[in-house]
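The values are calculated or read from the model by the stated rules, or taken from the named source; none is laboratory data. Since the model is a prediction, treat every value here as computed from it, not as a measurement. Note that we place each Cβ from the backbone using ideal geometry, even for glycine, and neighbour counts take in every protein chain shown. Calculation scope for accessible area: heavy atoms of the full protein, side chains included, ligands and nucleic acids excluded. Shrake-Rupley method; radii C 1.70, N 1.55, O 1.52, S 1.80 Å.
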Amino acid sequence: MSRWQQSWRVLVVPYYLNRYARQVHVLRVALAFLAGLALVVASGMPHGGWMLVTILIVLGGVPHWGGVRRKALERMGGSLLGALAGLVAIVLHGVSPYACYGWMLMVIALSTWHAQGRGGYLALLTGITLVIVGGLGDEPINEALWRSCNVLVGSLIGMAAAATLPLRAIDSWRFLLADNLREAALLYNRIAQRFPLVDEAALEQFNDRLIRMRGLMASVTQESSLSSSQLERVQGFQRGIWTLLDRMAEVASVTPALAEDRSPRRAIVRTLLRAAHALRFNQPQLLSEPLPEADNPAAMLRPSHCHWLVAELALTAEALRRELQLILPLLIAAPPPARSLVRRLRR
């Protein structure tokens, strides 16, 4: 494979898009800004600066497609409502300035009231756009319309750029989960064989990835058909694995190692590694093999701490495997951003 082909893969393969997410994000923001700037310069569109501001607002701080789409749609909705409210304010100003100010005060009160709940960004932008478009009510109507048009075009450019170079939250989420499962398998393999942990920071990195996954959950639910309860269950299983590994690392050094023929170490490690591989390469068939049940410590004569912890880890790993067996096909079935954008615009 040539160097050019290797460079091109960064822009089309989800793994490389996620690996070089910051560079790709900077590239698409720059391309969207240049596209908006070229459109403004070539067309001579009045108040074109608002288009460029909108592109930066829509794309700048939200790298993932789900967040960009939500922010762009809320900005377009808030801009439309604010523009209509601003036009009403201009008309009312011709009747009575006090009627105009009363109308603006009422809209601002409603927008700040709803800004504290769901759809708060849309409500807040409605109030902001009202002031931008209407001013004090004495703004020319044509300027108000041009400002609204610039905001809408800027939002569309931002969404198009995000769909062209898609940084999907579902890809980041599944790659983080795959890294955690692989890390858990390697950590447990060392702990079960009573090898000292070379780097205790591995558990901290596991927890850091878990925190990053929680920050992606809202965007994942918007990009796919997954529910927040399904994602919460996966988070819970990971927290359980982290807790069990942390506890094992504390007691393993003073507990005799389990006999190899009775220990489910290999089965657990194999299940976790297969799940990680399935997530990274979209291969749900690797999740079809159930994990054999571990021996019940309650039936043992003298069970140790590790017997109980290993049994609990086996149950948690199997529950996570079953959950991922349901989730991964839904992640694979999530439409690409470009197709999702076309579907949404057709509605």
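Net charge near R274, counting Lys/Arg +1 and Asp/Glu -1 over other residues with Cβ under 9 Å of its Cβ?
Summing Lys and Arg as +1 and Asp and Glu as -1 gives +1.
Could you give me the ³J(HN,Hα) list for the range 230-245, computed from phi with Karplus coefficients 6.51, -1.76, 1.60 and θ = phi - 60°, whole Hz, x at Gly and Pro?
With the stated coefficients, the range 230-245 comes to 5, 5, 5, 5, 4, 4, x, 5, 5, 4, x, 5, 4, 5, 5, 5 Hz.
Dipole of the range 25-169, Cα-centred, from +1 at each Lys and Arg C-beta and -1 at each Asp and Glu C-beta, to the nearest 20 debye? All intermediate terms of the calculation are to be shown ahead of the outcome.
Values: 8 positive and 4 negative charges, 132 e Å.
Around 640 debye, computed over the range 25-169.
Starting at the first residue of the range 28-38, write each ³J(HN,Hα) from the Karplus equation 6.51 cos²θ - 1.76 cosθ + 1.60 with θ = phi - 60°, in whole Hz, x for Gly and Pro.
Ordered by residue, 3J(HN,Hα) equals 6, 5, 5, 5, 5, 5, 5, 5, x, 5, 5 Hz.
If E204, E223 are ordered by their accessible area, calculated over protein heavy atoms with a 1.4 Å probe, which sequence runs from highest to lowest? Let's see the in-between values first.
Working: E204 120, E223 20 Å².
If we order E204, E223 from most to least accessible, we get E204, E223.
Read phi for every residue in the range 136-141 and hand back ³J(HN,Hα) as whole Hz from Karplus 6.51 cos²θ - 1.76 cosθ + 1.60, θ = phi - 60°, with x for Gly and Pro.
9, x, 9, 7, x, 5
Along the charge dipole of the range 67-139, pointing to its positive end and built from +1/-1 on Cβ of Lys, Arg, Asp and Glu, which listed residue (G102, Y121, A89) has its Cα farthest out?
Ranked along the dipole, the leading option is Y121.
With a 1.4 Å probe and all protein chains kept in place, how do W146, W242 rank by accessible area, largest first?
Ranked list, largest accessible area first: W146, W242.
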